[in-house]
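Reading through the structure tokens given below for one structure.
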Amino acid sequence: GGTVDLAVIAGDGIGTEVVEQGLLVLEAALGADGDGTRLTTTDFDLGARRWHATGETLTDDDLAAIRTHDAILLGAVGDPGVPSGVLERGLLLRLRFELDHYVNLRPGKLFPGVRGPLADPGEVDFVVVREGTEGPYVGNGGAIRIGTPHEVANEVSVNTAFGVERVVRDAFARAAARPRKKLTLVHKHNVLVHAGHLWRRTVEAVNADFPDVTVDYAHVDAATIYLVQDPSRFDVIVTDNLFGDIVTDLAAAVCGGIGLAASGNINPDRTAPSMFEPVHGSAPDIAGQGKADPTATVLSVAMLLEHLGRTAAAARVEAAVAADLAERGTAARSTSEVGKDLAARVAG
Ligand code: NAD
Ligand code: IPM
Ligand code: MN
């Protein structure tokens, strides 16, 4: 019973197309629960249209309204007609920071029947715990002498003991709950000695509380080799905000493409709603053509349901995606056809 009260930020480009399908599947999943759970949604007009009309990205009032919901479903933000960074920082990153989404959870799973680019990938089923509130994303930088030959442009990577410990602890807990119980720290402590050693010491210290978890380390450059040559070695990866951004696009490619890669921006302390979104962006190159694969959004909906404790509904959505992927032929389907097929499978 009860209600799921969702804030919906469809956003820009293919964001609106994939979110429509995500909501269709969410509705079907809650309906299939058969316990009378109601879905209520509130659309937030955020993104390029709003910015062009008002100059606003995300106001304090928007944020206060979003906070009252159980969870957020986001499509994508970013538009070629808006200066790069305005929406990405002013909307998406502001949401992640203000709502304290310090765990950016990004599964890397190769579903049966999915042909990725690797000839013999083995069983690929890992999860990246990407730190979500620190690193070079914080905006602790600046530039002087802009446009001159003496320009200085700094982006400082912020790593706090508090911020690193809480995300490392979360990653250990996730590793401890998985069969292989393996955690790989991905960093670059051979060069970034200040941040790198903080991450390394933190992993070492927190390991004492999770003695069953085996700890491993890879420099981020080598990690890109392993992701392509031996992805089945990974179980849980913990890494900083920027490394996590990069390795999860690579992970998506390895696992069959960016159209399948889901994510959750989690506030584990539940002091604010968590936000679920595909890993991909607004894809201006295919926007408005019905070509976007909504599967990443649908799998993000499964993560949303799991986060809200609706495990059976989450499993139903994931099973529908698995079945759809297993039977996917070469015939192209539109965004809404894939959404309809998935919703039908979920409804049973
Ligand atoms: P992108 O993820 O939008 O697109 C990269 C490539 O993947 C493109 O060729 C695109 O067509 C393809 N693609 C993406 N999603 C797909 C889907 N569902 N189905 C099939 N193909 C898909 O990345 P980009 O081109 O670097 O960025 C475009 C804009 O999106 C930029 O403004 C960027 O800042 C923004 N962006 C936003 C988010 C977000 O909202 N979370 C994430 C990444 C990028
Ligand atoms: C992502 C995106 C964002 C990020 C951008 C748009 C701010 O690339 O969600 O992966 O770098 O986190
Ligand atoms: Mn990214």
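The values are calculated or read from the model by the stated rules, or taken from the named source; none is laboratory data. Quantities reported herein were computed from a predicted structural model and do not represent experimental measurements. Cβ coordinates were reconstructed from backbone atoms using ideal geometry, including for glycine residues, and neighbour counts include every protein chain displayed.
Remarks
- Filter result (under 23 Å from the mean Cα position of the chain (by Cα), over 21 Å from Val168 (Cβ atoms) and of a type in the set (Ser, Thr, Tyr)) within region 109-156: none
- Going through (1) of a type outside the set (Gly, Ala, Ser); (2) touching a Ser or Thr at 6+ places or on another chain (Cβ under 6 Å); (3) surrounded by fewer than 21 Cβ atoms within 10 Å (Cβ to Cβ) one by one, Arg115 falls short only on (2).
- Restricting region 127-151 to residues that are in contact (Cβ under 8 Å) with a residue 60 or more places away in the chain and among the small types (Gly, Ala, Ser), the residue that is surrounded by the fewest Cβ atoms within 10 Å (Cβ to Cβ): Gly135
- Hey, Thr239 among the β-branched types (Val, Ile, Thr) and away from ligand 1 (no atom under 14 Å from the Cβ) or not: yes
- Count - residues of region 245-276 that are within 10 Å of ligand 2 (Cβ to nearest atom), surrounded by 24 or more Cβ atoms within 10 Å (Cβ to Cβ) and within 13 Å of Arg96 (Cβ to Cβ): 2
- Entry remark, region 291-333: residues being small (Gly, Ala, Ser), in contact with a Phe, Trp or Tyr (Cβ under 9 Å, 6 or more places away or on another chain) and over 16 Å from Arg345 (Cα atoms) number 1 in total.
- Residue match in region 279-290 (condition: touching a strand residue (DSSP E or B) at 6+ places or on another chain (Cβ under 9 Å) and of a type in the set (Asp, Glu)): no
- Which listed residue, of Phe234, Phe243, is more than 14 Å from the chain's Cα centre (by Cα) and not assigned by TED's automatic domain parsing to the domain that holds Leu6: Phe234
- Whichever residue in region 164-187 is of a type in the set (A, V, I, L, M) and not in a helix (DSSP H, G or I) and, among such residues, is surrounded by the fewest Cβ atoms within 10 Å (Cβ to Cβ): Ala177
- From the options Asn190, Asn154, residue that is surrounded by fewer than 18 Cβ atoms within 10 Å (Cβ to Cβ) and assigned to a loop (DSSP other than H, G, I, E, B): Asn190
- The sole residue among Ala314, Ala287 that is surrounded by 18 or more Cβ atoms within 10 Å (Cβ to Cβ), more than 16 Å from ligand 3 (Cβ to nearest atom), part of a loop (DSSP other than H, G, I, E, B) and not acidic (Asp, Glu) is Ala287.
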